[in-house]
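*Asks:* The structure under discussion is supplied below as structure tokens; questions concerning it will follow.
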Amino acid sequence: MLHLPTVISDDSCIVLGGGGHAKVVIDCMLAAGFPTPIGILDARTEMRGLSIMGVPVLGSDDLLPELCARGLAAFAVGIGGSRDNLPRARIFELGLGHGLRPVQIRHPWSYCSASAKIGPGSALMAFSAVNAEASVGADVIVNSGAIVEHECDIRDHVHIATGARLGGRVKVGSYAHIGAGATVLQGVVIGDAAIVGAGAVVRKAVDPGTIVVGVPARLIAGADQGGNLDESLPS
Ligand code: JB2
């Protein structure tokens, strides 16, 4: 049985999820000067006792009440998801539900305009850029090298994957996924829970819950087969 930390400070943080994305989250946190997280919680029991980026895997989410009782203050969502943002959103709501503060992470080598707004729990990874008067919601990943241009409006639980580029005044609805290296031309609206495939070039609006791929982007799945647009989405 792993021992939980006995003394937990005001700025203590737990990382929820211990896979690939968690490594990048921890790396960003350390680069940004956060204290080392006190631990990782992961659904896979076989990970218990392992160390990821020097951070111990303490157990599953079932430990949250005990850790909170010991003074745990904050959490970071360590789940990325290659296109489904729902598990990440559920983890975010779980942390909030335990009264924890979601940490906002900005890699020191990311650019964020002073006029941009970034929501709680969102992460700006290395070499990403969020330009003038852009608005980024809660629990959003602007992944490594992604560009969010001026006045973009990015809603909650969105993932702008590695190297994706959004032109000025693009709107991205909640839970949407913009694939690695995709380009969305200026002013285009991407609906809630829509998925833009890697490398796509999107020139016109994408309906909620649909999937588009290619250059120029074309529809390959409608709302009934596409993203997680259903009533079970956390509000
Ligand atoms: O409910 C959960 C839960 N469900 C899955 N609670 C907790 N605490 N952890 C959970 N997990 C854990 O998230 C899984 O057991 C697994 O260890 C981890 C997900 O790791 P994986 O490496 O599969 O995916 P990822 O989300 O970390 O990374 C994906 O997304 C990134 C953005 C990959 O596609 C990466 O390549 C990508 N960069």
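The values are calculated or read from the model by the stated rules, or taken from the named source; none is laboratory data. Note that this is a predicted model, so its numbers are computed, not measured. Positions of Cβ are generated from backbone atoms using ideal geometry, with glycine treated the same way; all protein chains shown enter the neighbour counts. Accessible surface is based on the protein model in full, side chains and every heavy atom, while ligands, DNA and RNA are left aside. Shrake-Rupley method; radii C 1.70, N 1.55, O 1.52, S 1.80 Å.
*Asks:* Which of the following residues is in contact (Cβ under 8 Å) with a residue 40 or more places away in the chain and surrounded by fewer than 24 Cβ atoms within 10 Å (Cβ to Cβ): L94, L72?
*Replies:* L94
*Asks:* Just a yes or no: is a residue in the range 77-84 among the hydroxyl-bearing types (S, T, Y) and under 26 Å from I154 (Cβ atoms)?
*Replies:* Among the residues of the range 77-84, at least one is among the hydroxyl-bearing types (S, T, Y) and under 26 Å from I154 (Cβ atoms), which makes the answer yes.
*Asks:* Tally the residues that are within 14 Å of the ligand (Cβ to nearest atom), within 22 Å of M47 (Cα to Cα) and within 20 Å of the chain's Cα centre (by Cα), restricting the search to the range 65-88.
*Replies:* Result for the range 65-88: 10.
*Asks:* Let me ask another. Kindly indicate whether any position in the range 38-61 is under 23 Å from L124 (Cα atoms), more than 14 Å from the ligand (Cβ to nearest atom) and not aliphatic (A, V, I, L, M).
*Replies:* Scanning the range 38-61 turns up at least one residue that is under 23 Å from L124 (Cα atoms), more than 14 Å from the ligand (Cβ to nearest atom) and not aliphatic (A, V, I, L, M).
*Asks:* Out of G121, G199, G99, G145, report the one residue that is open to solvent by 20 Å² or more (accessible area, probe 1.4 Å) and either assigned to a strand (DSSP E or B) or closer than 17 Å to V24 by Cα (or both).
*Replies:* So the residue among G121, G199, G99, G145 that is open to solvent by 20 Å² or more (accessible area, probe 1.4 Å) and either assigned to a strand (DSSP E or B) or closer than 17 Å to V24 by Cα (or both) is G145.
*Asks:* Same structure, new question: I'd like the full set of residues that are under 19 Å from G81 (Cα atoms) and not small (G, A, S), limited to the range 166-201.
*Replies:* V172, Y175, H177, I178, I190, D192, I195, V196, listed by residue number.
*Asks:* Run S135 past the list (1) within 16 Å of the ligand (Cβ to nearest atom); (2) open to solvent by 30 Å² or more (accessible area, probe 1.4 Å) and report the number of the one that doesn't hold.
*Replies:* (1)
*Asks:* Can you name every residue in the range 102-118 that is within 16 Å of the ligand (Cβ to nearest atom), closer than 20 Å to A161 by Cβ and in a loop (DSSP other than H, G, I, E, B)?
*Replies:* H107, S110
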